[in-house]
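K.L.:
Take this structure first; my questions come after.
The values are calculated or read from the model by the stated rules, or taken from the named source; none is laboratory data. Everything quoted here is computed from the prediction, not taken from an experiment. Ideal geometry is used to build each Cβ from the backbone, glycine not excepted, and the neighbour counts take in all protein chains shown. Keep in mind that these areas ignore ligands, DNA and RNA; they rest on the heavy atoms of the full protein, side chains included. Shrake-Rupley method; radii C 1.70, N 1.55, O 1.52, S 1.80 Å.
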Amino acid sequence: MKFYVPEWEDAVDARYDFVHDELSNLNKQERERHFIWDIFDYETTPIDGVLISREQVEDSRRKYDRVTEHGVYDDPQLNIPDWLPTISDCGAWGYKSLPFPRYGNEGMLQFYESLDVTVGVTIDHLVLGSGKEKGRLYLDERALNPDFTESDLPIELTEQVDVMVEEWPVEWPDLVKRYEESVYDVSTVEPFIHDDFEGTVHDILGRMDEDPRAVYREDDKQIRYEITLENAVEIRELYDEGDWSFRLMAAFQGWDPTTYGEALDDVLQMGYRYVGIGGVAGSQLEQVEEIVTEVGHRIAQFESEHETRIDTHVFGFAKTDGFETIGRAQMSSIDSASMLRAAWTGGNNYHLNSDERFDAIRVRYAAPGDDLEIAVKKSMLGQEVLHALRAFDDEDSISNHIRSWYTEANLVLDVLVDYLEEHRHDERYDARLLREITTEFRDDFEHGYELQASFSDDVRKRLVKLLRADDADDPTDFDEYLSIINTAREVAEGFPQTVERVEALEESSGEVATFKQIWTVLENYASSELIEDEDLLEGYRKTLRSRPWERCDCPICENLGIEVAIFRGNNRNRRRGFHNTYRFYQQFKHDLPKMLVVVPADSSLFGRNTVEEYLSDRYEDLWEAIHDVPVAEIGVLDANGVHEWWEAGPTSISLDPIGISEELERKSGRYDTVLYYDPEGETPFDIDSVEFVDKPQGIRDRILKRLGYESDFTPNRDVQIQLEEF
Ligand SMILES: [Zn+2]
């Protein structure tokens, strides 16, 4: 079983300065960025693959050009390690408001090939219920204009019909010609006028039927379902005619277990052996379980009739409560970014497991548009609490930390005046771009980082703007610099705010870094009228009492400690998301242990069409016993690595025993159990986590025992509740 994470530019600054909240390089193109696979090593990376959607890639022209030129494994930014498989799909969620998917089949195959991904997915269209009595009307946004907008649509229409407005593509794929010729190949889009929407709903919909700017469907679900299947047929034909380097997966849709089941039967008939359940992201656990159960039963039947194996992916689903069903229904892969995104989309954003979740402590930046004085105040409030939190984590005196910060902050302002007087006309400040001048300034002025940290980015930015304008021949009035610095100085006089109270507590208790002491600082911060986070304090109490970052062994928590439990900016929040993903993955591996069955290669593997052919022919009894086992992965091993059961036969085979042993050892680093089929009972290697099994049934028994499943493991489907529309 593999867990994939969708790729949405989830990267952090590899050398971020947490103490000063500074990026390592202000130029994004020159910054070293780390994705989740860069932060963890081979053994501990908490994902088994990456899901890359075309919609996401097309979000940025630069990214699209880059990854289609280099492929995802050689792309200088993504740089996905070659051992992580990749799935690419079109990203149906992104065009859900269009009447048709925006992509054509031929183009999709080319796209996957240029990305060099492991698996490409057929073009699906989300089956969405409309919830309205008369179905769904799609309108081309390009035909709406200031004289006739969406809000001008008659209310009787919008009450009875689900209206979806979206900018339509300039060119539709060929399939559209068959479904709706009136919208295909339209060269100019005339704007809608009021007359287009006059009359009864019946009249309007009648007109829309032939209108090149509209598509009306009474039963839109059914059409989306059919489009998805039709695409699967068409792309399969193109795929079979060509020579492609990726595996093709059929995504299928439905609206209840039966329609999903029927769609599955169709795509299996088309020859697909990797299928993907689409459209369940965000659905209730129970609904997904029913669909997965139905699909699992049909897959089991197909596998038994054809003595083959089917891989199934569940798109956008990774609820831990559903693991049991997912495993028993023989799903092979899932994907989700919900635990990653949960790190910055609400409370309970620091996860230890599905039961223990904590609120990260919000330390806010000044907001854009804040007055200079407010910006400085927010920064200083933030610094006081940040220094206190770090002292609390280190079990040092909180008052000492606050005092030494404050002393340094004051020093910055003193030295700054001298620096500016002396250097404001330096050549280094003649650059045109603010970014370049900021870089020069923060490196040349020895407190350039601290200035920003303590007194806000706003203060530094204003000074940098003055430096840019200031010229020896036409000097800026120095009072302009002083006015900014004096604002900072005046605000600084009101700080530090809590140090005396903390000191008193330290003296009376004879202890440092107690909960009461940190609470004094945090409560002062959260209840400040500029912050107003009192409502979050209850959550913070639990976080600080439990110190969850000390209970996590991920490299992020180990290296950064409490910073991970602070809600502040991409570099903390996204790292916390990576940590959440790691915690999720521990549970995933616990509930669905990672198991790999390896079968030794011999020279008869050479020249086979598929690895499956080798397995079913050379090891007939074994294949019969294990072709339908749940959760475990199956492959054939030679010194080049593991060739998965579905792959084409390798074009070269190496039987070098040292190479084989090394590959086996490397693989075992990522699996809970590696079962090596050893019919002669020779146990040729001595590797700790590898078990040698000489009987086919022994492998099957071993897998089911490890999972705690009975021999008839498929989940029960007699308690099926009919799905409501979703
Ligand atoms: Zn962690």
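K.L.:
Answer rounded, prolate or oblate for region 84-155, using the Cα gyration tensor with square roots of eigenvalues a ≥ b ≥ c: rounded when a/c is under 1.5, else prolate when a/b is larger than b/c, else oblate. If you can, show how the numbers build up before the last one.
P.N.:
Working: a/c = 3.66, a/b = 2.24, b/c = 1.64.
It comes out prolate by the Cα gyration axes.
K.L.:
Write out the cysteines belonging to the chain for which the nearest other cysteine Cβ is not under 4.7 Å, or none if no such cysteine exists.
P.N.:
Cys90, Cys554
K.L.:
Mind pulling up the Rg/Rh value for region 379-516? Radius of gyration and Kirkwood radius, both on Cα.
P.N.:
1.09
K.L.:
Still on this structure, I have one more. How big is the accessible area of Leu340 in square angstrom, nearest 10, if you roll a 1.4 angstrom probe over the protein chains?
P.N.:
0 Å²
K.L.:
List the residues, sorted by chain then number, that are 5 or more residues from Arg362 or on another chain and whose placed amide H is less than 5 Å from its amide H.
P.N.:
Phe567
K.L.:
Could you work out the helix-only [θ] at 222 nm for the chain, with each DSSP H run of four or more residues adding -39,500 (n - 2.57) and the total divided by the number of residues, to the nearest 500 deg cm²/dmol?
P.N.:
After summing the helix terms and dividing by the residues of the chain, the value is -13500 deg cm²/dmol.
K.L.:
Quick one: length gained pulling Glu150 to Leu26 fully straight, 0.36 nm per residue minus the C-alpha distance?
P.N.:
Separation in residues times 0.36 nm, less the Cα-Cα distance, equals 40.5 nm.
K.L.:
Note the full-extension length gain between Asp414 and Asp195 as 0.36 nm times their separation in residues minus their Cα-Cα distance, in nm to one decimal. Kindly include the intermediate steps, with their values, before the conclusion.
P.N.:
Numbers: separation 219, 0.36 × 219 = 78.84 nm, distance 7.09 nm.
Value of the extension gain: 71.7 nm.
K.L.:
What whole-number value in Å² describes the accessible area per residue of region 54-127 for a 1.4 Å probe?
P.N.:
For region 54-127, the solvent-accessible area averages 36 Å² per residue.
K.L.:
Rounded to the nearest whole Å², what accessible area per residue is found for region 324-396 with the 1.4 Å probe?
P.N.:
35 Å²
K.L.:
How would His401, His202 rank on accessible area, largest to smallest, probe 1.4 Å?
P.N.:
The most accessible residue leads, giving His202, His401.
K.L.:
Also: On the full set of protein chains, 1.4 Å probe, figure out the accessible area of Asp471 and give it in Å² to the nearest 10.
P.N.:
Counting only protein heavy atoms, the figure is 70 Å².
K.L.:
While we're looking at this one, here's another question. When only Cα pairs under 8 Å and 6 or more residues apart are kept, what is the percent relative contact order across region 1-127?
P.N.:
It rounds to 23 percent for region 1-127.
K.L.:
While we're on this one: How many angstrom lie between the C-alpha centres of region 79-102 and region 414-469?
P.N.:
Cα centroid of region 79-102 versus Cα centroid of region 414-469: 44 Å apart.
K.L.:
What order do His590, His447, His125 take when sorted by accessible area (1.4 Å probe), most exposed first?
P.N.:
These residues rank, largest area first, as His590, His447, His125.
K.L.:
I've got another one for you. Over region 280-425, with every protein chain in place, what whole percent of the accessible area is carbon and sulfur at 1.4 Å, could you tell me?
P.N.:
It is 42 percent, rounded to a whole number.
K.L.:
Additional query: Once you order the gyration tensor axes a ≥ b ≥ c over the Cα atoms, which shape class does region 432-584 get: rounded for a/c under 1.5, otherwise prolate or oblate by comparing a/b with b/c?
P.N.:
oblate
K.L.:
Please turn the phi angles of region 82-93 into ³J(HN,Hα) values with the Karplus equation 6.51 cos²θ - 1.76 cosθ + 1.60 (θ = phi - 60°), one per residue in order, whole Hz, x for glycine and proline.
P.N.:
5, 7, 8, x, 10, 10, 10, 9, 8, x, 4, 4
K.L.:
On to the next question. Taking only Cα atoms, what is the 0 to 90° angle, nearest 10, from helix 696-707's long axis to the longest principal axis of the chain?
P.N.:
Taking Cα atoms only, the helix is inclined about 40 degrees.
K.L.:
For the chain, what is the charge dipole size about the Cα centre, in debye to the nearest 20, if Lys and Arg each add +1 at the Cβ and Asp and Glu each add -1 at the Cβ?
P.N.:
Dipole size: approximately 1400 debye.
K.L.:
Using Cα positions and a limit of under 13 Å, work out the aspartates and glutamates in reach of Lys542, with same-chain residues fewer than 8 apart set aside.
P.N.:
Lys542 reaches Glu356, Asp359.
K.L.:
While we're looking at this one, here's another question. Taking all protein chains in place and a 1.4 Å probe, what share, in percent, of the accessible surface of region 141-229 do carbon and sulfur account for?
P.N.:
45 percent
K.L.:
Under a 5 Å amide H to amide H cut-off, with H placed in plane at 1.01 Å, what residues pair with Asp211 once short-range neighbours are removed?
P.N.:
none
K.L.:
Got a sec? Charge dipole of the chain, +1 on Cβ for Lys and Arg, -1 for Asp and Glu; which of Tyr112, Ala367, Ile39 is way out at the positive end?
P.N.:
So the residue furthest toward the plus end is Ile39.
K.L.:
If a/c stays under 1.5 just call it rounded; otherwise compare a/b with b/c (prolate if a/b is bigger, oblate if not). Do that for the chain, with a ≥ b ≥ c from the square roots of the Cα gyration tensor eigenvalues.
P.N.:
oblate
K.L.:
Now for a different question. May I ask you to compute the full-extension gain from Lys461 to Asp371, defined as 0.36 nm times their residue separation minus their alpha-carbon distance, rounded to one decimal in nm?
P.N.:
Taking Lys461 through Asp371 to full extension adds about 31.1 nm, to one decimal.
K.L.:
Remind me, relative contact order of region 524-573 in percent, using alpha carbon pairs under 8 angstrom and six or more residues apart?
P.N.:
17 percent.
K.L.:
Further, regarding this structure: What accessible area per residue, rounded to a whole number of Å², is obtained for region 264-311 using a probe radius of 1.4 Å? Could the numbers behind the result be given before it?
P.N.:
On the way: 1690 Å² over 48 residues.
Result: 35 Å² per residue.
K.L.:
Using Cα positions and a limit of under 16 Å, work out the aspartates and glutamates in reach of Lys378, with same-chain residues fewer than 8 apart set aside.
P.N.:
Excluding near neighbours in sequence, the set is Asp21, Asp370, Glu450, Asp457, Asp458, Glu490, Glu493, Glu523, Glu529, Glu532, Asp533, Glu534.
K.L.:
First measure r as the distance between the Cβ atoms of Glu665 and Lys96, then evaluate 1/(1 + (r/R0)^6) with R0 = 45 Å and state the FRET efficiency to the nearest 0.05.
P.N.:
0.50
K.L.:
Now for a different question. Of the heavy-atom accessible surface of region 568-625 (probe 1.4 angstrom), what whole percent is carbon and sulfur?
P.N.:
40 percent
K.L.:
What distance in nm separates the two pseudo spin-label positions at Ser652 and Arg178, each 7 Å out from Cα along the beta-carbon direction?
P.N.:
Going from the Ser652 label point to the Arg178 one covers 4.3 nm.
K.L.:
Here's something else I'd like to know. Can you sort Leu205, Leu655 by solvent-accessible area, 1.4 Å probe, largest first?
P.N.:
Listed by decreasing accessible area, they come as Leu655, Leu205.
K.L.:
Out of region 575-661, which trypsin sites (Lys or Arg not before Pro) are coil in DSSP terms and have no more than 13 other C-beta atoms within 10 Å?
P.N.:
none
K.L.:
Given an 8 Å cut-off on Cα distances and at least 6 residues of separation, report the relative contact order of region 419-498 as a percent.
P.N.:
Across region 419-498, relative contact order equals 29 percent.
K.L.:
Moving on. Leaving ligands, DNA and RNA out of it, work out the accessible area of Tyr677 with a 1.4 Å probe and give it in Å² to the nearest 10.
P.N.:
The value for Tyr677 is about 20 Å².
K.L.:
OK, next. Quick one: which residues, 5 or more positions from Thr86 or on another chain, have an amide H under 5 Å from its amide H? H modelled 1.01 Å from N in the peptide plane, none for Pro or chain starts.
P.N.:
Val50, Thr118, Val119
K.L.:
Could I ask something else about it? Go through region 19-30 residue by residue and turn each phi into a ³J(HN,Hα) via Karplus (6.51, -1.76, 1.60, θ = phi - 60°); whole Hz please, and just put x for glycine and proline.
P.N.:
Along region 19-30, the couplings run 5, 9, 6, 10, 6, 5, 9, 6, 8, 4, 5, 9 Hz.
K.L.:
Another question, then. Compute the separation of the alpha-carbon centres of region 57-72 and region 7-27 and state it in Å as a whole number.
P.N.:
Region 57-72 and region 7-27 have Cα centres spaced 22 Å from each other.
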